[in-house]
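Written out below as structure tokens is the structure these notes cover.
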Amino acid sequence: MRINKVESEFQTTADGKCSEAASGMVAAARPEATTAGVEMLEQGGNAVDAACAVGLALGVCEPQASGLGGQSVGMVHYEGRTFALDGSSRAPSLAHKSRLAKPTLREVGYRTTTVPSTPATYAWLQRQYGRLDWQTILDPAIRIAREGYSISQLQSRLQTRELDSFKAVESLSGAKYFLQYGCEPFEPGSSFRQPDLANLLELIARRGVEEFYQGDVAAQIDADMREHDGLLRADDLALIPWPIERQPVARRYRGYLIKTMPPPGSGRTLLLVLLMLHYLESRFVGGRQPERYHFLAETFRKAFLQRLDRPFDPNTYPQITSKKMLSRSFARGLAATIADGMDANLPLEDPIGAQTGETTHFSVMDRDGNAVAMTQSIELVYGSKTAAAGLGFLYNNYLMAFELDNPAHPYYLRPNAVPWSSVAPAIMFRRKEPWLATGSPGSERIFSTITQFLSRVIDGSAPIGEAVVEPRMHCSIGGTISLEHDRFAPEVVRYLGQLGYKLRPREPYAFYLGCIQATLKRQTGPGFQGVADIRRDGTAAGPT
């Protein structure tokens, strides 16, 4: 990688997707959330303060992707130490496969919900490492909820897409809060205010997050769940799901150290793909030849098979250690099996119930060298389509992320178990200091999205703004390639089809294919650079 080229050829854009700043950088999926983070940095807060403000604000202005009813995990580099923050939610004590017998019960409705952990995660993170007070952190989220924000074209389109799912809930609780008149999508540009959510956030700001888990709010959630035959109870909430600091998984790619999320996240899958790419011919990895996309597709398939066949839950027992899965000899052996055609030894059909969940990601850096890369979610778009009565937030539907058929599986549904996750927030280091913080939403497409971005930067020496707009693809384990069809050269599409891949065309800059939010601390000069993926509504900005 020619780092001077990466940094010097970066170009800012008038729409805020690509930005430079002198004293820090925030990249998030909504401009209101980006502004919240910048405000914290301008008030003397650090990257942790900014991250907490961004994460809580996103739950207000991007409710289709995350919120108080979900979970948040990430990578944190603070004062020279890097750790993975595991803010996983937990299955309720009443969770059992017999209570989720119908497939629809796992996707929509009150029974799909795990114990929300996002409020506890940010409260804990702020108490441990933040500089500002809790009220200040929550002020932007309260303001956005109270004053409102403009519905984007993407949000209106997603509401249209999810309309039938909203209406499948008998109480219509999610529809009443998040659809216009409780029955139809908002028009783009409509002002959307959330007074109940603003009141809840103000209460949490005054009384602390314990109010959510052990106070009157917990009692309201319990009553709401009982009324609608849900599984979550006050006893589940009272055992507050504080996050756990875990050791990151880390490997070098082309000499650059990348630290990412261990299980129950999927950082190991991301690193395994990068290790395989390391052992492929470099002329095919950094260019745009048709062979590059075939090699990418095969590394995705092989890495995904390893994840499916060798799941690992740090809270139960190991199936395969990170040391073995991420050994260079193991990756070299897998890379050596990649030939000119599709690997017939891999499955040629995709598993039933392939993941479709969505999330959001944001990245933050401050002038002191701290960095945070956070990914948070309520699982599917608009979660369970059910909302907490009188409280204004959506319940997640993370119970669909558990295994129901194999009791020996580490993510088999058990009381208090944590769900399996595809997230892989990452921080890349140069000379022991954070250089790039990044991540993406997109369920099983997360690792392929981040891989393509990092490879274009490291192997192609592309500025981060250029790397993020590159045509994007994903290959499933069964050989189905989803790609931004019209943005790929015809010879690439033709070549992949001739090899036997099943091609699934997607629109240009497809929502389906992830959304990079990245921040970079310049090494060849002063300041920071940030990029928010054009595929969604975000911006990047920082204090001057």
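The values are calculated or read from the model by the stated rules, or taken from the named source; none is laboratory data. The model shown is predicted, which means the values in this text are computed figures rather than measured ones. Every residue, glycine as well, gets a Cβ built from its backbone with ideal geometry; the counts of neighbours run over all protein chains shown.
Write out, first by first residue and then by second, each pair whose Cβ atoms fall under 9 Å of each other, whose residues are 6+ apart or on separate chains, and whose first residue, in the range 465-480, is over 18 Å from Gly439 (Cα atoms) and aromatic (Phe, Trp, Tyr) while the second is at pLDDT 95 or above and crowded, with 24+ Cβ neighbours inside 10 Å.
Close Cβ pairs satisfying both conditions: none exist.
Go through the range 375-393 and give me each residue that's closer than 30 Å to Ile427 by Cα and surrounded by 24 or more Cβ atoms within 10 Å (Cβ to Cβ).
Across the range 375-393, the qualifying residues are Thr375, Gln376, Ser377, Ile378, Glu379, Leu380, Tyr382, Gly383.
So, in the range 88-147, how many residues would count as being buried (at least 21 other Cβ atoms within 10 Å of the Cβ), polar (S, T, N, Q) and closer than 25 Å to Asp196 by Cα?
8
Testing Gly500 on (1) under 30 Å from Gly44 (Cα atoms); (2) surrounded by fewer than 18 Cβ atoms within 10 Å (Cβ to Cβ); (3) not β-branched (Val, Ile, Thr), one condition comes back false. Which one is that?
Going through (1) under 30 Å from Gly44 (Cα atoms); (2) surrounded by fewer than 18 Cβ atoms within 10 Å (Cβ to Cβ); (3) not β-branched (Val, Ile, Thr) one by one, Gly500 breaks only (1).
Name every residue in the range 67-89 that is among the acidic types (Asp, Glu) and within 15 Å of Ile240 (Cβ to Cβ), in order of residue number.
Listed by number, the list holds a single entry, Asp86.
Okay, residues lined up against (1) surrounded by fewer than 20 Cβ atoms within 10 Å (Cβ to Cβ); (2) among the aliphatic types (A, V, I, L, M); (3) in contact (Cβ under 8 Å) with a residue 60 or more places away in the chain; (4) in contact with a His (Cβ under 8 Å, 6 or more places away or on another chain):
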| residue | (1), (2), (3), (4) |
| --- | --- |
| Lys176 | yes, no, yes, no |
| Ser191 | yes, no, no, no |
| Leu201 | no, yes, yes, no |
| Val209 | no, yes, yes, no |
| Gln214 | yes, no, no, no |
| Asp222 | yes, no, no, no |
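Tell me, which residue of the range 354-396 that is under 28 Å from Leu496 (Cβ atoms) and in contact with a Pro (Cβ under 8 Å, 6 or more places away or on another chain) is modelled with the lowest pLDDT?
Here the residue is Glu358.
With the requirement that a residue be within 17 Å of Glu7 (Cβ to Cβ) and either in a loop (DSSP other than H, G, I, E, B) or of a type outside the set (A, V, I, L, M, F, W, C) (or both), what does the range 459-479 give you?
Asp459, Gly460, Ser461, Ala462, Pro463, Gly465, Glu466
Pick from Pro188, Pro140, Pro195: which is at pLDDT 95 or above, within 22 Å of Ser72 (Cα to Cα) and not β-branched (Val, Ile, Thr)?
After applying the criteria, what remains is Pro140.
Out of the residues in the range 36-49 that are more than 17 Å from Ala205 (Cβ to Cβ) and small (Gly, Ala, Ser), state the one that is surrounded by the fewest Cβ atoms within 10 Å (Cβ to Cβ).
The qualifying residue surrounded by the fewest Cβ atoms within 10 Å (Cβ to Cβ) is Gly44.
With out of contact with any helix residue (DSSP H, G or I) (no Cβ under 6 Å at 6 or more places or on another chain) and part of a loop (DSSP other than H, G, I, E, B) as the only criterion, which of Ala84, Ala27, Ala51, Ala65 stands out?
The unique qualifying residue is Ala65.
Looking at the structure I just gave you, is Arg536 among the charged types (D, E, K, R) and either on the phi > 0 side of the Ramachandran plot or in a loop (DSSP other than H, G, I, E, B) (or both)?
Yes: the conditions hold for Arg536.
Here are some conditions: (1) over 26 Å from Tyr411 (Cα atoms); (2) assigned to a helix (DSSP H, G or I). Gly189 meets all but one. Which one does it not meet?
Gly189 satisfies all of (1) over 26 Å from Tyr411 (Cα atoms); (2) assigned to a helix (DSSP H, G or I) except (2).
Among Ile240, Ile221, Ile204, which is β-branched (Val, Ile, Thr), outside any helix (DSSP H, G or I) and modelled with pLDDT of 95 or more?
Residue meeting the stated conditions: Ile240.
Would you check which residues across the range 364-387 are over 16 Å from Ala65 (Cα atoms) and either aliphatic (A, V, I, L, M) or under 17 Å from the mean Cα position of the chain (by Cα) (or both) and list them?
Once the filter is applied, which keeps residues that are over 16 Å from Ala65 (Cα atoms) and either aliphatic (A, V, I, L, M) or under 17 Å from the mean Cα position of the chain (by Cα) (or both), the range 364-387 yields Val364, Met365, Ala371, Val372, Ala373.
Tell me which of these Thr451 doesn't satisfy, since it passes every other one: (1) within 20 Å of Asp350 (Cβ to Cβ); (2) of a type in the set (S, T, N, Q); (3) touching a strand residue (DSSP E or B) at 6+ places or on another chain (Cβ under 7 Å).
For Thr451, the exception is condition (3).
Could you grab me the full set of residues in the range 138-162 that are of a type outside the set (Gly, Ala, Ser) and touching a Leu at 6+ places or on another chain (Cβ under 7 Å)?
Leu138, Ile142, Gln159
Scan (1) closer than 19 Å to Ala467 by Cβ; (2) within 21 Å of the chain's Cα centre (by Cα) for the single condition Asp15 breaks and write down its number.
So Asp15 meets the others, but not (2).
In the range 397-420, which residues are modelled with pLDDT of 90 or more and assigned to a loop (DSSP other than H, G, I, E, B)?
Passing the criteria: Asn397, Phe402, Leu413, Arg414, Pro415, Asn416, Ala417, Val418, Pro419.
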